[in-house]
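So the structure is just underneath, and the comments pick up after that.
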Amino acid sequence: MMLEFFGCDFEASDSSLRIGFSDGEEGEHYFIIERDEDYIKETLPDTESIYIELDDQCSGMNGSIDSISLSRNSFNIRFDSSTFLRGYNEISITFSLEDSDFKLLKNVLQKIMQGYEEKLNLID
């Protein structure tokens, strides 16, 4: 099952290697992906060095990423076939960002995915 939402709020931090989207202050959904602070320089099997959170901390997990795609107006993450996050095995977030914010998003995502580049698809 896939969750889709428009990420009207966006943040990215190059220093903490963290990206977040939400569908607004009163919104139903938010999504965070970050390099786990305990494994900034380590590449663990099954993308375990990456932490993902959807809607609340109880729904956070490390790893199990099958693929991530980033295009100019969308971010898509798919989990491996046996993994579901809050009942979803895929999350698709559309957004509208200024060029500088998109550049930051792309840069931070590439750093988060360091060591897992084969799972990252950057679409021009």
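The values are calculated or read from the model by the stated rules, or taken from the named source; none is laboratory data. Computed from a predicted structure; not experimentally measured. As a convention, Cβ positions derive from the backbone with ideal geometry for all residues, glycine included, and neighbour counts pool all protein chains shown.
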**Fill in**
The residue that is surrounded by the most Cβ atoms within 10 Å (Cβ to Cβ), considering only those in region 18-51 that are within 14 Å of the chain's Cα centre (by Cα) and farther than 14 Å from Ile68 by Cβ, is Ser22
**Prompt:** Of the residues in region 14-36, how many are outside any loop (DSSP other than H, G, I, E, B), out of contact with any helix residue (DSSP H, G or I) (no Cβ under 7 Å at 6 or more places or on another chain) and within 13 Å of Lys111 (Cβ to Cβ)?
**Reply:** 1
**Request:** With the condition kept exactly as written, say whether any residue in region 65-81 is loosely packed, with under 15 Cβ neighbours inside 10 Å, of a type in the set (Lys, Arg), out of contact with any His (no Cβ under 7 Å at 6 or more places or on another chain) and modelled with pLDDT of 95 or more.
**Result:** yes
**Message:** Within region 37-53, take every residue that is in a loop (DSSP other than H, G, I, E, B) and of a type in the set (S, T, N, Q) and give me the one that is nearest to Ser100 (Cα to Cα).
**Reply:** Ser49
